[in-house]
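We did not get these values from a lab; they are worked out from the coordinates using the rules stated. Since we're looking at a predicted model, the values are computed, not measured. Note: ideal-geometry Cβ built from the backbone for every residue, glycine included; neighbour counts use all protein chains shown.
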Amino acid sequence: MEGVLLHVFGLMERLLPFSFAEPMFMKRALLALLLIAPAAAAVGVPLVQFRMAFFSDAIGHSAFTGVALGILLGVSPSWTVAAFGAFVAVAITLVKGHTDLSTDAVIGVFFSTVIALGIAIISSRKGLTRNLQSFLYGDPLAVSDAELLWMAGLLFTVGVYLFFAYNRILLLGVHEGFARTKGVPVRAVEISFSLIVALVVTAAINAVGILLVTAMLVIPATAARNVARGAGTAFHLSVGIALLSGISGLIASYYLDTATGATVVLAAAACFFLTALFRALRPAG
Amino acid sequence: MSAEERLHTLSIRNLSVRRGGVEILAGVDADIRCGEVTALIGPNGAGKTTLLQAILGQVPYTGEIRFCRAREHGEGVPRIGYVPQQLPFDRDTPLSVLDFFALSQQRYPVFFGHSRRVRRSAQDSLDRAGVGHLLHRPLGRLSGGEFQRVLFALAVRDAPDILLLDEPVSGVDVAGAEQFCDFLSQVQRSSKFGLLLVSHDLSVVTRHADQVICLNRRIVCRGATTEVLTPENLASMYGGEAHLFRHAPADGHGHLHGLPEGKG
């Protein structure tokens, strides 16, 4: 598998004869963003429809506990972060479906619990805080080959999942009861979608960190909603804005010497404000 | 073979629904036959919408709901279409009417475009509902009446055996309601599905229904429209507040206008 990566890097060498693309870490970062940004933006479209931004934030913050568990168990934190994120995602979805509590109250409880648990474990061990730093802020410049392969697998999984489930997810996003009368298996779609969100969020943490991970999912989709009138346009615009802000953010961070994850998010935010302006100026009708 | 056997029928026997310890429906018996319009009337809180939800399998119930399919139509579960009274959704959703039609019919995702079959059937059923021009409009920009027609067109597209309509003319003006009902009976006559119509508007009921079920947690009475809609029955159901008068049969069919619950 690593051989495939070498070929990809060789290809990038030839296609991108620019100074910013020369260092190996820049090639890795570019590849990471090209893999994770479209996956996050594609999942983001229904996520915004479901008003699940807070949900993805809770999954992101579950990485505190995920990292701590990984170090406690002596396995790579990437695995425990993904597994614990998936666990929290399913737990929230199940609890939400079985109580009359409002969704944000349920998520709020989980949100605080996973942060508290993570901090409790980390504070009991000296020397863990440094390890946590990289997860808090993320850094696409420090992505390893293994993580790149994991992101490629994730993009493929998200693509296959959305191919088969996207229409049902959107119908569920319009109205749950109505979707049920049209034969949508509501609970199965909810649980599978929350699992996919958990996978995307935990992988995107590598690029932008816990604090900004929700931005990768929410900002491109919200920017697309500002201007799109149909489902197709919304999806393609969201993915396009994610790729554009990923590439331009990476290049800008190279020349401005700023944190890459943060610069990528700022580029996406700029797209949001531009589309919001466009929406405000567009004649009604 | 008698006429009865040739029709499919949704038969409901001894249906009861309890929610939170409160009995919402008790011992309901009814037959909804294909090719007929059955009106379901009753005061607010009578359990009309709950009965629809039970038929759709969306609330737990005791008793039996069985679909007896005429032999020549083959076996299988009935297709039940449903047009809800209202469908609150996010008006800002980037979704066109065509997208909305594609979501429940197309296998591949809508962001790869729409199949020719989806396009054709959507245009066709929208045309039949008189709203063919709405195909490319964003769903969130439709008026209440337009949206209801789109929902109706979508329900008809899937060739239902039974179509459930919850208050199809609420929030539509009188002329719009008449137009919609005429169109409804036209589609219904050509498509031969069974129509269960929940309505407050007794003029709609008397003009279009073959059979009436009066519901108030249990069946108050049921039967042919002309036999059931007597002032006595309505008084016993609406608590004597129904003011009923008979129109002169100027348009060829005399019909009743009622003002249950003091509303117009």
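Add +1 for every Lys or Arg and -1 for every Asp or Glu among the other residues with Cβ under 14 Å from the Cβ of A:LEU5, and state the total.
For residues surrounding A:LEU5, the net value is -2.
Report the net charge of residues surrounding B:THR50, where surrounding means a beta-carbon distance below 10 angstrom and charges are Lys +1, Arg +1, Asp -1, Glu -1.
Values: positive: B:ARG19, B:LYS48, B:ARG217; negative: none.
Cβ neighbours under 10 Å give a net charge of +3.
Can you give the average number of partner chain beta-carbon atoms within 10 Å of each beta-carbon in peptide A:161-170, as a whole number?
Values: counts 0, 2, 5, 3, 1, 6, 11, 3, 2, 10.
Partner-chain Cβ atoms within 10 Å, mean over residues of A:161-170: 4.
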Exercise. Mind grabbing the base-10 log of I(q)/I(0) for chain A at q = 0.08 Å⁻¹? Debye formula, identical points on the C-alpha positions, no solvent, two decimal places.
Key: -0.34
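Test of the criteria: in region A:72-151, which trypsin sites (Lys or Arg not before Pro) are in a DSSP loop and have at most 10 other Cβ atoms within 10 angstrom of their Cβ? Could you put the intermediate results ahead of the total?
Details: sites: A:LYS96, A:ARG125, A:LYS126, A:ARG130; in loops: A:ARG125, A:LYS126.
Qualifying residues, ordered by number: A:LYS126.
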Quiz item: By the scheme Lys and Arg +1, Asp and Glu -1, what is the net charge of all other residues having a beta-carbon under 15 Å from that of B:GLY223?
Solution: -4
Quiz item: Once phi is turned into θ = phi - 60°, what whole-Hz ³J(HN,Hα) does the Karplus curve with 6.51, -1.76 and 1.60 give for every residue of region A:47-58, x standing for Gly and Pro?
Solution: 4, 5, 4, 7, 6, 10, 4, 5, 4, 5, 5, 5
Quiz item: So what's the back-of-envelope 222 nm ellipticity for the protein assembly as shown, counting only DSSP H runs of four-plus at -39500 (n - 2.57) apiece and dividing by all residues, rounded to 500?
Solution: -19000 deg cm²/dmol
Self-check item: Shielding by other protein chains, B:177-187, mean Cβ within 10 Å
Solution: 0
Quiz prompt | Within a Gaussian network of chain A (alpha carbon springs, distance under 10 Å), most fluctuating of A:ALA267, A:ALA146, A:ALA91 | solution = A:ALA146
